[in-house]
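> Sharing a structure below in structure tokens format, with a few things to ask.
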Amino acid sequence: MKLFNTVCLILALNLPSLALANPAFSVAPDRSYIDLNQPQTYVFMVKNTGDQLIHVRITPAFLPVESNALAAGKSLVSAKQQEATSLVPYTLISPQVLSLQPTEQRDVRVSIRVPDDLKPGTYREHLTVKMLEVARQINSAGNNSDVGIHLNLLMQIAPVIYGDKGSNEAMLSLRCQLNKDHQLTLEATNKTPWHFSGILTGYGSDNTKPLFTQTITVFRNSERTVETNWKATTKTINLEWRNDHNPDAPVQKTPCNLK
């Protein structure tokens, strides 16, 4: 599963006819956007949604744009420059380990203190919430009770934190084309140090009724291909989008002439 915000990893051997125990948990919220211009304390909740006692460990992590978990396109800067946008060095988590009975939930506090001379831009991290238990089940095969199948289940959820130092001034450039199924595809480039997330709207030549709306996310200093949900019914459309993280930012526009 690949998500730009929450990263959820469940690793298991997929075998039939196995009765599984149900150790599981949930995390909320799955995404937070904070202001780094002042010290921040962020609180999220971990809940045991399974049927047995579990232990979870919380650690901060930075995922590069090109990582398999994010699959968010291609960075325009080096790996070292990407790493410099991590919030991990400025993060304290309390508690780092939780013990949770079934249905029990606990708050986790995340304190983020960045240096005053931090350069303006968007910084981020994922909070890796990992269940320490490994559920192991044995299922006998045939009439030989000594032959069994072992199944290991690991569960890990990683909500994301974005933080802005300064005022978010993300800008995009979009290049339009049609894929083989005649759906609109966009090559989106963000050359600013700010994370962009917003709603993209496509209009016909009369610029009245929207042809489609879609969320678009592009990390700072990166580019990616965006597959829209609109199948071309006209040769000319006008795109409009606004940065959700700066309500004062103007609406950005670009015309698309499709061949």
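Bear in mind that the values in this text are calculations on the coordinates, not laboratory data. This structure is a prediction, so every number in the text was calculated from the model and none was measured. Note that we place each Cβ from the backbone using ideal geometry, even for glycine, and neighbour counts take in every protein chain shown.
> So, in nm, how far is label Asn68 from label Asp107 when the simple model puts each one 7 Å beyond its Cα toward the Cβ?
Computed distance between label sites Asn68 and Asp107 equals 3.7 nm.
> Something else about it: If we count every other residue with Cβ under 12 angstrom of Ile93's Cβ, Lys/Arg +1 and Asp/Glu -1, where does the sum land?
It works out to a net charge of 0.
> By how many nm would the segment from Arg57 to Ala249 lengthen if fully extended, with 0.36 nm per residue of separation less the alpha-carbon distance?
Difference between extended and current length: 65.2 nm.
> Another question about this same structure. In debye, nearest 20, what is the charge dipole magnitude of region 173-257 about its Cα centre with +1 on Lys and Arg Cβ and -1 on Asp and Glu Cβ, if you could check?
Using Cβ point charges on Lys, Arg, Asp and Glu, region 173-257 gives about 140 debye.
> Still on this structure, please answer the following. Given a Förster distance of 41 angstrom, what is the FRET efficiency for Arg31 paired with Ser205, based on the Cβ-Cβ distance and rounded to 0.05?
0.70
> Among Lys231/Lys259; Lys130/Lys165; Lys47/Lys165; Lys80/Lys165, which pairs are too far apart, with a Cα-Cα distance over 23 Å?
Lys130/Lys165; Lys47/Lys165, as the Cα separations exceed 23 Å there.
> Once you have the Cα-Cα distance between Trp230 and Asn257, take 0.36 nm times their residue separation minus that, and quote the gain in nm to one decimal.
Gain on extension, Trp230 to Asn257, equals 8.3 nm.
> Next question. May I ask for the net charge around Pro29, where only other residues with Cβ less than 13 Å from the Cβ of Pro29 are counted and Lys, Arg are +1 while Asp, Glu are -1?
0
> Arranged by the count of other C-beta atoms within 10 angstrom, fewest first, what order do Asp181, Asp117 take?
In order of increasing Cβ crowding within 10 Å: Asp117, Asp181.
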